[in-house]
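Heads up, the thing below is written out as structure tokens.
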Amino acid sequence: GAVVSQHPSWVICKSGTSVKIECRSLDFQATTMFWYRQFPKQSLMLMATSNEGSKATYEQGVEKDKFLINHASLTLSTLTVTSAHPEDSSFYICSASSGRPPYEQFFGPGTRLTVL
Amino acid sequence: GQNIDQPTEMTATEGAIVQINCTYQTSGFNGLFWYQQHAGEAPTFLSYNVLDGLEEKGRFSSFLSRSKGYSYLLLKELQMKDSASYLCAPRTGAGSYQLTFGKGTKLSVIP
């Protein structure tokens, strides 16, 4: 149990375009999902916390108008990188909390975004 | 603010035991997680400590001292597949599910 999927697993796009990444909890309902970004050899950096049916909470320094998050259902959250630029190239990972003790996060396989 | 400190890299021999230390300073504390991350993949959950002491789980054990802001992950009978990064992640705030990840310790297991 506790499987989280992410789609696509990798994407290459041109500068200025928008990219949507989907995160799904396959066998459990996730009231809370998280979006992280990880640059090579760096730690996971939390971008935002996504709560079903409400607005996402963004971490300091993360532009909410650039990284649009929608958590429309208990099993789906989406991250849209708008007007992507080369500096947005990174590994984006979502996770979902089971909502039960010990409230561990289950991670999706990640999406590698390359902006040309 | 949050500060998490782990060694950047470690090397150990197949079959040996290795201990990965983590010290943390956080505003609030509500448990500590250890995750394993293979290169290019997402992290997978290894262990969770909320009370002081040792939690054993097969070849992996994790220890926590809340008063010292210290945890370690102990890996026994190392296997080549254990070569990965190990992330220390304290959780802050009662009722919060948020984790703060350290930079991780890259463990290389050699024959």
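The values are calculated or read from the model by the stated rules, or taken from the named source; none is laboratory data. This structure is a prediction, so every number in the text was calculated from the model and none was measured. Heads up, the Cβs are rebuilt from the backbone with ideal geometry, glycines too, and the neighbour counts pull from every protein chain shown. Note: accessible area is taken over every heavy atom of the protein model, side chains too, but ligands, DNA and RNA are not part of it. Shrake-Rupley method; radii C 1.70, N 1.55, O 1.52, S 1.80 Å.
Which of the residues that make up region A:89-102 are over 17 Å from the mean Cα position of the chain (by Cα) and open to solvent by less than 70 Å² (accessible area, probe 1.4 Å)?
A:G99, A:P102
Within region A:60-88, can you find the residues that are exposed (fewer than 13 other Cβ atoms within 10 Å of the Cβ) and within 14 Å of chain B (Cβ to nearest Cβ)?
Hits for region A:60-88 are A:Q60, A:G61.
Which ones in region A:8-32 are part of a strand (DSSP E or B), open to solvent by less than 80 Å² (accessible area, probe 1.4 Å) and within 18 Å of A:L113 (Cβ to Cβ)?
Hits for region A:8-32 are A:V11, A:C13, A:V19, A:I21, A:E22, A:C23.
Against the condition among the β-branched types (V, I, T) and within 11 Å of chain B (Cβ to nearest Cβ), how does A:T17 come out, does it pass?
Spelling it out, it is not the case that A:T17 is among the β-branched types (V, I, T) and within 11 Å of chain B (Cβ to nearest Cβ).
Scan region B:1-26 for residues that are more than 14 Å from chain A (Cβ to nearest Cβ), open to solvent by 30 Å² or more (accessible area, probe 1.4 Å) and not β-branched (V, I, T) and jot them down.
If the condition is that a residue be more than 14 Å from chain A (Cβ to nearest Cβ), open to solvent by 30 Å² or more (accessible area, probe 1.4 Å) and not β-branched (V, I, T), then B:M10, B:E14, B:G15, B:A16, B:Q19, B:N21, B:Q25 are the ones that fit.
Within region B:35-51, work out how many residues are on the phi < 0 side of the Ramachandran plot and loosely packed, with under 12 Cβ neighbours inside 10 Å.
Residues flagged as on the phi < 0 side of the Ramachandran plot and loosely packed, with under 12 Cβ neighbours inside 10 Å within region B:35-51 amount to 2.
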